[in-house]
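The values are calculated or read from the model by the stated rules, or taken from the named source; none is laboratory data. Predicted model, so just to flag it, every value in this text is computed and none were measured. In this analysis, Cβ positions are derived from the backbone assuming ideal geometry, glycine residues included, and neighbour counts consider all displayed protein chains. Surface accessibility is based on the protein's heavy atoms, side chains included, excluding ligands, DNA and RNA. Shrake-Rupley method; radii C 1.70, N 1.55, O 1.52, S 1.80 Å.
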Amino acid sequence: MSDKVRKTIIAGNWKMNKLRKEASELASALVAGTKGKENLPEIVLCPPFTCLDVVVAAAKGSPVKVGAQNVDHRDSGAFTGEIAPPMLVDCGASYVIIGHSERRQFFGETNQTVPLRVKAALNHGLTPIVCVGELLDERENELTDPVVKRQVGAAVTGLTEEEILKLVFAYEPVWAIGTGKVCESKEAARVVALVRSTLKASFQNKETAEQVPVLYGGSMSAKNAEELLAQDEIDGGLIGGASLKADEFLEIINHACKRPRLSATKA
Ligand code: PGA
């Protein structure tokens, strides 16, 4: 049995919201609100690219980490409108969301482009938060499991065991994102466990897959966070709407603080 403990992570995905001043104020309020708290989860704020620097400045000297919402897989070049991994590092980001369903739905992200970005992020020391999850009609047609397995398998294409252990996954059922329809906690925990069991194929020692943190995302709020975070399998949340208000996001963080530190491998 391994005594490795999976991190609890509470990440805010601000999407295309906040001007620089607003972003700075929100980040400052969160930093102030988490000061001195015990058993804090890893807190990651993912503002738009244009606010990365002000959020990094607000988080300076605190344990709060900063992430981007997308990244290109190339280091530089004639790719108008893209942002390269070294640019994120230069801004002070340490995480990056990859393969979010909104990127898959509206910006041509696929199971082929996700692994390129994951690899590039890792090469530059960024921690990818890889998003997977089924569409409503896929769920209705009982395709949740094959869709999620395919997305997870694709994301780790070509990665070493050591690299996979640096990833964070987020199970985000697309029908639950921004809709207020949260996935029932037992079902969310089941699919989160499926993400980890899919990763077993990539490890010689299958138990090692238990060390990869997997979050839940999709209408997580101060109201439902406690129940979702009470599931052993769910290591935290990737939170959109409810991360835009300091009070609500701090409430979710408070629920995460109450979570016992779990051993990655159960006896
Ligand atoms: P939501 O978004 O919390 O607003 O549903 C989650 C996400 O898209 O990451």
Filter result (surrounded by 22 or more Cβ atoms within 10 Å (Cβ to Cβ) and small (Gly, Ala, Ser)) within the range 65-79: Gly67, Ala68
Filtered residues of the range 80-97 (kept if open to solvent by 80 Å² or more (accessible area, probe 1.4 Å) and either in contact with a helix residue (DSSP H, G or I) (Cβ under 9 Å, 6 or more places away or on another chain) or part of a loop (DSSP other than H, G, I, E, B) (or both)): Thr80, Met87
Qualifying residue in the range 246-259 (condition: touching a helix residue (DSSP H, G or I) at 6+ places or on another chain (Cβ under 6 Å), closer than 17 Å to Val132 by Cβ and of a type in the set (Phe, Trp, Tyr)): no
Selection count where residues are in a helix (DSSP H, G or I) and either aliphatic (A, V, I, L, M) or within 15 Å of the ligand (Cβ to nearest atom) (or both), scope the range 98-117: 8
Residue match in the range 26-46 (condition: modelled with pLDDT under 95 and of a type outside the set (D, E, K, R)): yes
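Every residue, every condition in (1) within 15 Å of the ligand (Cβ to nearest atom); (2) of a type in the set (A, V, I, L, M, F, W, C), yes or no:
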site	(1), (2)
Glu134	yes, no
Asp145	no, no
Lys149	no, no
Leu167	no, yes
Cys183	yes, yes
Leu199	no, yes
Asn224	yes, no
Glu233	no, no
Tabulated pairs, the range 231-244, first closer than 24 Å to Leu26 by Cβ and free of Cβ contacts under 8 Å to residues at least 40 places away in the same chain, second near the ligand (Cβ under 7 Å from one of its atoms) and outside any helix (DSSP H, G or I), C-beta under 7 angstrom, 6+ apart or interchain: Ala242/Met220
Criterion (of a type outside the set (Gly, Ala, Ser), touching a helix residue (DSSP H, G or I) at 6+ places or on another chain (Cβ under 7 Å) and under 22 Å from Lys245 (Cα atoms)) met by exactly one of Val44, Val132, Val147, Val55: Val55
Tally, over the range 156-194, of residues that are without any contact (Cβ under 8 Å) to a residue 40 or more places away in the chain, more than 25 Å from Trp14 (Cβ to Cβ) and not in a helix (DSSP H, G or I): 2
